[in-house]
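Colleague: Before I ask anything, let me first share the structure, which is written out below as structure tokens.
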Amino acid sequence: MTTVVRAIRGATTAEANTPEAIFTATRDLFENIIAANDLQPDDVASVFLTMTKDLNADFPAKAVRSLEGWQWVPLMCAVEVDVPGSMPRCIRVLLHVNTDRDQSDIRHIYLGEAVRLRPDMVERTSHLTAEAPAR
């Protein structure tokens, strides 16, 4: 198969609006995404991160840049659309990766309270995230 750009989605929730909670939640999400999709930083074209407006204590990109080799990957942070009643303290991510995998082989990861966003994806990948690196 030819190498193509595919997207990997994920989301998690932070326990609080603190730099530590944002860092921990984001890093845990990325470690799970990396493990589930066997990613190397050189495979990633870009990463787009959003947080709900109630999270503003720090940038989630700091957690990604803390991972070895990821400081060279282009990262962008933004505020998520503020829909009334939406999930609080939510961090979402969209990675654009160069891969030869089929769309159906991509593993999207949802952690914390964010499992409610895509229960279909959580069931599909639950056996993979259990083997992800510990924090």
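Colleague: What helices (runs of 4 or more DSSP H) completely inside the stretch 19-129 contain at least 3 residues that are surrounded by fewer than 15 Cβ atoms within 10 Å (Cβ to Cβ)? Step through it out loud before you land on a result.
Modeller: Details: elements: 19-37, 61-65, 119-129.
Helices (runs of 4 or more DSSP H) meeting the threshold: 119-129.
Colleague: Okay, next question. Check whether at least one residue in the stretch 111-118 is out of contact with any Leu (no Cβ under 7 Å at 6 or more places or on another chain), modelled with pLDDT of 95 or more and of a type in the set (A, V, I, L, M), and report yes or no. Even if it seems obvious, please write down each step before you answer.
Modeller: Step one: filter the stretch 111-118 for residues out of contact with any Leu (no Cβ under 7 Å at 6 or more places or on another chain), giving 112-118.
Then drop every residue that is not modelled with pLDDT of 95 or more, which leaves none.
No, the stretch 111-118 contains no residue that is out of contact with any Leu (no Cβ under 7 Å at 6 or more places or on another chain), modelled with pLDDT of 95 or more and of a type in the set (A, V, I, L, M).
The values are calculated or read from the model by the stated rules, or taken from the named source; none is laboratory data. Just so you know, these numbers come straight off a predicted model, no measurement behind them. Reconstructed Cβ throughout: ideal geometry from the backbone, glycine too, with neighbour counts over all protein chains shown.
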